[in-house]
Structure formats: C-alpha cells, structure tokens
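The values are calculated or read from the model by the stated rules, or taken from the named source; none is laboratory data. Bear in mind that the values here come from a model prediction, so they are computed numbers and not experimental data. So basically every Cβ, Gly included, is an ideal-geometry build from the backbone, and we count neighbours across all protein chains shown. Heads up: the accessible areas ignore ligands, DNA and RNA and are worked out on the full protein's heavy atoms, side chains in. Shrake-Rupley method; radii C 1.70, N 1.55, O 1.52, S 1.80 Å.
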Amino acid sequence: MPCLQRAITRVLIHGVLMAGAAFMLLPFVWMLATSIKPPEEVFSATLRLLPTRFFGAENYSFALTQAPLLRFAINGVIVCLGILVVQLLVAIPCAYALAKLRFPGRNLLFVLVLLALAIPVQVPALPLYIALAEMELLNTYLSLMLPFLFSAFAVFLLRQFFKSYPDDIIQAARLDGMGEMEIVWRIVAPSAWPAIAAFSVFSVVAHWNDLYWPLIVITDGGMATPPLGMMLFADAETGSNYGALMAAATMLTAPLVVIFLFARRWFIAGVTMTGVK
Amino acid sequence: MARVELESVSKSFADTTVLSGINLDIADGEFLTLVGPSGCGKSTLIRIIAGLEPQTSGQIRINGEPVDHLRPHERRVAMVFQSYALYPHMSVFANMALPLTMQRLSLWERVPLLRLFSARRRRVMPEIRREVQSVAAQLQIEPLLNRRPAQLSGGQRQRVALGRAMVRHPNAFLMDEPLSNLDAKLRVHMRSELTELHQRLKTTFIYVTHDQVEAMTMSDRVAMMDAGRILQLGTPAELYARPSNLKVAQFIGSPAINVLPVRIGDGGMVELPGSPAMIHTSLPPGSAASIGLRPEALHLLPSGSPRDGAVLNARLRRIENLGAECMLHFDLLALPGHGVIVRAASIKGLSVGEEVVLGYDIASIHLFDAKGERAEVLPISAHPAQREAATP
Ligand SMILES: Nc1ncnc2c1ncn2[C@@H]1O[C@H](COP(=O)(O)OP(=O)(O)OP(=O)(O)O)[C@@H](O)[C@H]1O
Ligand SMILES: [Mg+2]
C-alpha cells in the first residue's frame, strides 16, 4: 500500500513539474516553430505548431544575409567574456578574503556587498551614462562592460562556497610556503569549479540577453549586442517578417543553450552546493 | 633538527583565555606529546608554534632564535593535520613536491604555461622528483604517486601527509592528532611506524593527541594539558607513577585509576575506607580529599589471610576477560555507590556476586587534596604519638 502511495505521489510531482516545464518551454518552442513558417502562416487564424509549408531555409538565409548576425554574436562574445573574466579576476580574491581572512572591517565590507546586491543597474544608470559620455566612451565595448565588471553577486556566491573550504588545507599551503594570492589561484579556486561554472552561466546569460544597458550606451549598429541587434534588425530591414526575425533569434540564443548543456553538471552542482536558487 | 622553546605563551580569543603561561623546552630530537581532554588548547598551541596563529603574549624560539615575527614556512616546521589536508585537485606526487617547488622555484617558474620556458625548472624538477620518490619509497607509497587524494584510503592519505612533511627536512614535525581518523588496528600499526620514523629521522616531534595510549607509548616526554595550562610535564613513566594532579592520574592509564573519597581526620590522619589501616598527611584536618589506586595495585586476598593491612571489602559485579588478563569490576561494601576495577591475571574461580577482600600496599596510594593537587603520604612511623592517638 505505501508503495502504491509513493508511486502516486511521484506521478503527481512529476506531472506538476512537467506542466511547469512545458509552460516555460512554450515560447521557446513557438519561436522555433515560427522560424520555419512562411509569413502567411505566422498570422493565420488557426493555431498550429508545425507549418504546412516548410519555409525555414528562406527565413534563415534571409536573417543571415540581411542582418549582421555574426557581428552581433561577436560583439556579444567579446562583451560577455570581457565581463566574465574581469568579474572572476576581481571576485575570486575578494570572496576568499571575505571568507577566510580575518581583518578589521571584514563584516562591514560584507554588508556592503549585500547592499550592492540589492541595487539594480537602473539606479546608477544615469550617472554612469553621463560619466561615459563625458569620457567619450559611448559606443565602445568598454562602455558596455564597465557597469558590470565588479559583481557583488559573484563575491557573494563564491564567498559562500569558499566558507566551507577546509581551513586545514589553506594552513597546510601556508606552511608549504604559499602566499595568499597563490593559495587563492592554485588551491582554493580550482576546487570552486562548480561555483565558478554556475556563476559563469548566470553572468553570460544575463549579459548576452541584456537589452537595457546596450540600448543606453550603443547607438552604432556595428557595436550592438544580440538583443539590441535584433531590435535594430526588426526595425530596419524586416518590418513584420516574423519568420526571419525568429530565425535570427534562434541563432542568437543557440550559443547560450549549447553553453548551458556543456556546463549543466557543474551548474547544478554549484547552485545546490552554494545554496543559491 | 631543532630545540623548540616556549616562554610564557598565552592566547586569548576575544575575551576567552585559551592558553595561559605555557612554558616548554623541547630538546633537539625529542618526541614530546601534548595530551589532554578536548578543548584544552592543544591544537591552538601547536598552531601557535607553527605560526598559523599569533600568540597573545610570550615568545617562541627555535634553535635559540625568536621566531615570532616569522611566517609559517620561514619557521621551517612541517605539520601533519588530523584531516591530512592534502590538496584535493593535485596528484600525490604534486602534493609531496609542492613544498620543494615552493622552496626552489621562483614565482614565474611556477606559473602554468610560463613555466614551460624555464630552463632552470627543467633542471630542478628531476631533482625534486628523485627526492619525492625516495621519501615515497620509505613510506611505501611509490605506486600511488599518480593518484588523487580522493582515490586513497585513510591510511594511505596519512602516509602522503607524512611524506609531504618529510620531503623538506623540517626543523620539527608538528602533528595534530594524525592518527585519530584511522581505524583501531591501523592506528596501532601507524603508532609503531611513527615511532620508528622518529628514531630514524632524529628530528624533533611535537605530537598532539587525546589518546593516552599514544602518549604513553610514543613519547620521550608528555605534557598533560587542561584548560589552557600544563598540569604536568614528564616522562610517561613519571606521569604514571607520580601524577601531580588527580586529572593527570585519571587521564593516564587504562583502565582509569580508581578514585575513592576520604576525609582528613585529626592530626592529618586519613582513614582508609572500610579498613583499619591509616595514612598520614600534612593536609589540614577536616578537609575532603581523595585517594587513587591503580587497578594493578589491588589484589585479591586469599580467604583467611590476616586483614590488618589496607583492605577493601567488595562484591564482584562484572568480569571483563581480555584473554591475557581480566578486569574485575567490584562494588565496595564500605562505600555504597563506589566501585573499583582490579587488573588480575586470571578469574581465579570467581563468580559474579561473590564477596571478597581486596588488599593493597599503602605505598601504592596516590593522595590528592580537594583541588586535585597531589599531597604527600607521610610514613606513619614518623609520628608515633599520633599513631597511638588514632588507633584504638
Ligand atoms: N578561532 C577561535 N575563536 C574562538 N575560540 C577558539 C578559536 N579556536 C579555538 N577556540 C577555543 O579554544 C579552545 C581550545 O581549542 P583547541 O582547538 O586548541 O582544543 P583542542 O585541545 O585541540 O581540542 P580537541 O582535542 O577537541 O582537538 C576551545 O575552547 C575552542 O573553543
Ligand atoms: Mg584539536
């Protein structure tokens, strides 16, 4: 009897989870479906998932030839990698210091990190914009990256992870003659791979998909990141060619899906280990 | 090779005092054990010696030189941790080679990729490899050099941790309960291996344990600590034969010493429980005290033998047969609620519930005052007047 009961609860739980997953996947599936539909089917009154006439080749080639998709993707890669590398270079030593070193003002600094977590980028957007404009940095990669180079979230996440790192190993490293910087990079950081991978996924997804900030600092289409590029593309060439638009969107989200699939194991380990949801 | 001296070393965390006024002079090549109950400050003390934790006051000297300003690796001591503290993402070889690469290679010769261009590194590394291999051979872990710590058993990790300490020929080995994560059998084996290692290396060992057997069997000298102080420092034999404190007496020896309460009578005469015999002490009359009797100090008196010496009437409660000897647990008839353990060669045809008479030599009594400090038992013959007054 308890066996049957357990089976029923499992079916129920999985049913609910699958319904949730389907709900979240629907827009994505719709995007894929639309990207292979001919224009007349996109707006047809009957609701159907698959097109009656396959129009994928036309949509994708139109998107590839009419929009500088590669340019947008390269911009996205440069900006996301630049942000991620600097974030990690800064956040890993900071998180280590907050987690493992004893110094006056440590708790105050950590409180400041928590406060910084609570401030959305919209709050300092105006002063940042003015500063970048004054320095004549608008329409540059630097202007796209600058507000995000120092990530309070990364410091917080990695600190939680480093906190549980055994003190004995750090002390053994000190006895073996390592300085703190070497301990961070050679001993502690390698074991934080899951957390670093998890954060990297968060960071890359967030900045790849960001539209708000590029919209503010970029006016030159050649510097546009994928979402901004999509917007310019939608405005300028395609008008209401939604099939081609969705084809472009599919191609610009594909890299993220691929990254996530590769980093999935670490990502899940990192998220569960640090207790961040 | 080093003499390690500690001069009134104290340590407080915020407002709790963890160590107060520790003085120790550890000779070159000595095996000194710090032993004591959990939380008494053993780990803190050894970490202060290593330089991992600054002391609040006091001085530490190695070979006569103050080292308080030196960072851990500059003190040239090696530490073996209870958790082994191996670097989890490095091979056994890399773990053991690390102290040497840190010593002999400069920073840029250690940086990944960049180091490939260093000619000096290519010269130094084979040397390091040879040294690591020779230590690994001594510890019989050569076949494991390419494994990760996670792929080793507890005993093998222990050896790797030892090897990492040995490769750099430190001034002193500091060991913080290195055997306590091993199972009982392996612990016994590693105990003798460590002792042999000490004899071969002739280096100073400072060894922390809360296992009195390890302290007794391995050490040249034992420092018994309690609540941040050293209660007694001496050879294992001294601590066993003349414990300076009730806590030392109770900690050292297995099974533990039997402790019985006594009262100090007029003129410092001490009435022994349930027995006509008396001892004499200089403790003030009327105060509470206790006597300690080692399990081997008590013996069964054959029935009918004279009972004018120190005796205890007892009823056998339980027999623990260990094969070569047995432990007899008795309830005392004169002191309800108190019992004693007697070490005997055999059961001698006893059965549980039987009443017997236990005899012991007055010279084997350890007397402790109310605070637990050792008090001297004075020979009664020196005070004939009091003897007459006290015996009816
Ligand atoms: N960083 C710290 N902050 C505050 N108190 C500490 C700190 N480290 C140790 N203590 C305290 O110091 C005392 C001694 O600790 P220590 O680790 O030296 O004990 P120990 O003798 O090694 O015990 P065990 O046998 O359990 O390892 C303990 O009461 C502990 O709570
Ligand atoms: Mg300890």
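With a 1.4 angstrom probe, the accessible area lost at the B-A interface totals about 1800 Å². Relative contact order of the stretch A:22-179, taken over Cα pairs closer than 8 Å and 6 or more residues apart, is 26 percent. Centre-to-centre separation between the Cα atoms of the stretch B:24-97 and those of the stretch A:183-204: 30 Å. Shown are A:Trp193, A:Trp208, whose ranking by accessible area with a 1.4 Å probe and every protein chain present, most to least, is A:Trp193, A:Trp208.
For the stretch B:241-338, the gyration tensor built on C-alpha atoms gives an oblate shape. Its axis ratio a/c (a ≥ b ≥ c) is at least 1.5, and a/b is not larger than b/c. Here the stretch B:4-18 and the stretch A:1-80 have alpha carbon centers that stand 66 Å from each other. Below 19 Å, Cα to Cα, which lysines can B:Lys42 reach? Residues fewer than 8 away in the same chain don't count. Hits, sequence-local ones excluded: B:Lys11, B:Lys247. Helical runs assigned H by DSSP (4 residues or longer) give the protein assembly as shown a calculated mean residue ellipticity at 222 nm of -14000 deg cm²/dmol, each run adding -39500 (n - 2.57) before division by the residue total. Taking the protein heavy atoms of the protein assembly as shown in the context of the full set of protein chains, the accessible area attributed to carbon and sulfur is 62 percent at 1.4 Å.
Spin-label model, B:Ser346/B:Arg61: points 7 Å from Cα along the beta carbon direction are separated by 5.9 nm. Sequence-ordered 3J(HN,Hα) estimates for the stretch A:159-176 from the Karplus curve with 6.51, -1.76 and 1.60 and θ = phi - 60° stand at 4, 4, 5, 5, 3, 8, 6, x, 4, 4, 5, 5, 5, 4, 5, 5, 5, 7 Hz, glycine and proline given as x. Here each label is just a point 7 Å from Cα along the line to Cβ, and for B:Ala370 and B:Leu116 those points are 7.8 nm apart. DSSP assigns beta bridges within chain B; of those with both partners inside it, close to 75 percent run antiparallel.
Accessible-area rank, largest first, for B:Ser244, A:Ser164: A:Ser164, B:Ser244, with all protein chains present and a 1.4 angstrom probe. Residues of the stretch B:57-81 whose accessible area (probe 1.4 Å, heavy atoms of protein chains only) drops by at least 50 Å² once all protein chains are present, relative to their chain alone: B:His73, B:Phe81. The DSSP beta bridges internal to the protein assembly as shown are antiparallel in roughly 75% of cases. For A:His14, the solvent-accessible surface with a 1.4 Å probe is about 90 Å², rounded to the nearest 10.
In terms of its alpha-carbon gyration tensor, chain A comes out oblate; a/c meets the 1.5 threshold, while b/c is at least as large as a/b. Rounded, prolate or oblate: pick one for the protein assembly as shown, where a ≥ b ≥ c are the square roots of the eigenvalues of its C-alpha gyration tensor, a/c under 1.5 means rounded, and failing that, prolate if a/b is larger than b/c, else oblate. Taking the square roots of the gyration eigenvalues as a ≥ b ≥ c, the protein assembly as shown is prolate. For the stretch B:256-390, the solvent-accessible area of protein heavy atoms averages 49 Å² per residue (probe radius 1.4 Å; ligands and nucleic acids excluded). Inter-label distance, B:Glu238 to B:Leu322: 2.6 nm, where each label sits 7 Å from its Cα along the C-beta direction. Per residue in the stretch A:159-204, which ones lose no less than 30 Å² of accessible surface when going from chain alone to all protein chains (1.4 Å probe)? By number: A:Asp168, A:Ile169, A:Gln171, A:Ala172, A:Arg174, A:Leu175, A:Asp176, A:Gly177, A:Met178, A:Glu182, A:Arg186, A:Ile187.
Each peptide among A:244-251, B:146-153, A:82-89 gets the average number of other Cβ atoms lying within 10 Å of its residues, and from highest to lowest they stand as A:244-251, A:82-89, B:146-153.
When A:Leu112, B:Leu378 are compared by accessible area of protein heavy atoms, the largest-first order is A:Leu112, B:Leu378, using a 1.4 Å probe. As a calculated quantity, the FRET efficiency between A:Arg48 and A:Val205 at R0 = 30 Å, using C-beta atoms, amounts to about 0.45.
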